[in-house]
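The values are calculated or read from the model by the stated rules, or taken from the named source; none is laboratory data. The model shown is predicted, which means the values in this text are computed figures rather than measured ones. Because the Cβ atoms are built from the backbone with ideal geometry, glycine has one as well, and the counts that use them run over all protein chains shown.
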Amino acid sequence: MTRKLILLDLALLALVVFLVFQMRREWVEAHARSQAFLSVNIHAAPAPKVAALPHHNPLAAIAYAEVALMNLFSKDRNPQVVIDVDPPKVKPVPAFPVARGVLIWEGTPPTILLSTKAGGQQRAYRAGDQVGEWTLVSVDSQYVVFAWDGQEFKKRIDELMDKSTLVAETAAPTPATTNNASAQKTGQSLSDSSKGTKVGVDVGAADMRGCTPGDDTPVGTVQDGYKKVVSTTPFGSACRWEQVK
């Protein structure tokens, strides 16, 4: 029995020695690995190159002017002050004079009978005369040219004719009837000339007078130093009294 215990103790002792030896061997190996790891020289990798940051100009207030321009509630959204200018007033063209007729005969400048308004007092005008606000530039048998405010206006005479006067002339007696009646009143006309009364209508010309409506005096009659003359125009017969020279 004692022998078996001694053998058992020896076996246990041998096991303990084996275990101690094994632990020491593992510790030595671990220590060697640690020393080997620590003794290795590791070369550091170069750091990657970092790109430079983009360059930015310093902040300037003028660069943000567009912000104010886009802000509808900003007082200075439009630095350019627009001054409203009233459009130029266009001066209205005055009414054209009203024509009564044209007198054209040899040796005398063309003369046109005008009035500043329909039914107004008429008188004779020649090129260069002032008719209200208008200046008479030229006149012929069909056209008359007026000047006003640096502009010239060419008008047909028939456009300017006084329509009310034309209606009255249409209702007047025909030339044939007038000639017959004038033959009967020749004696009366000659007697009137002895009274010293003026004949015709004053048209503003010193050497000419217009015929009164319904004047039935024969052509060629001389009264108060004036001779009755009737000429044919594109608008019909033109009657006038010319001063005898």
Checklist entry - If you check Ser164, Ser189, which single one turns out to be polar (S, T, N, Q), modelled with pLDDT under 90, closer than 27 Å to Thr108 by Cβ and assigned to a helix (DSSP H, G or I)? => result Ser189
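Report, by residue number, each residue of the range 86-125 that is of a type in the set (S, T, N, Q) and under 16 Å from Asp140 (Cα atoms).
Residues of the range 86-125 that are of a type in the set (S, T, N, Q), as a first pass: 108, 111, 115-116, 121-122.
Matches in the range 86-125: Thr108, Thr111.
In the range 194-208, what residues are in a loop (DSSP other than H, G, I, E, B), closer than 9 Å to Arg123 by Cβ and either modelled with pLDDT of 75 or more or of a type in the set (A, V, I, L, M) (or both)? Lay out the reasoning, then the answer.
Initially, the range 194-208 is screened for residues in a loop (DSSP other than H, G, I, E, B), giving 194-200, 203-207.
Applying the additional criterion that residues be closer than 9 Å to Arg123 by Cβ yields 203-205.
Hits for the range 194-208 are Val203, Ala205.
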Next on the checklist: Going by what's in this entry, would Arg126 be described as basic (Lys, Arg) and either at pLDDT 85 or above or within 30 Å of Cys211 (Cβ to Cβ) (or both)?
Outcome noted: yes
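Is it fair to say Val219 is outside the structural domain of Glu106 (by TED's automatic domain parsing), modelled with pLDDT of 75 or more and farther than 14 Å from Thr111 by Cβ?
Details: outside the structural domain of Glu106 (by TED's automatic domain parsing): yes; modelled with pLDDT of 75 or more: yes; farther than 14 Å from Thr111 by Cβ: yes.
In short, yes.
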Next on the checklist: Testing Asp149 on (1) within 27 Å of Ala205 (Cβ to Cβ); (2) at pLDDT 70 or above, one condition comes back false. Which one is that?
Outcome noted: (1)
Checklist entry - Looking at the range 96-152, which of the residues that are among the hydrophobic types (A, V, I, L, M, F, W, C), touching an Asp or Glu at 6+ places or on another chain (Cβ under 9 Å) and part of a loop (DSSP other than H, G, I, E, B) is surrounded by the most Cβ atoms within 10 Å (Cβ to Cβ)? => result Phe96
Item to check | The listed residue being in the same structural domain as Asp140 (by TED's automatic domain parsing) and free of Cβ contacts under 8 Å to residues at least 60 places away in the same chain, out of Glu66, Glu106, Glu26 | outcome: Glu106
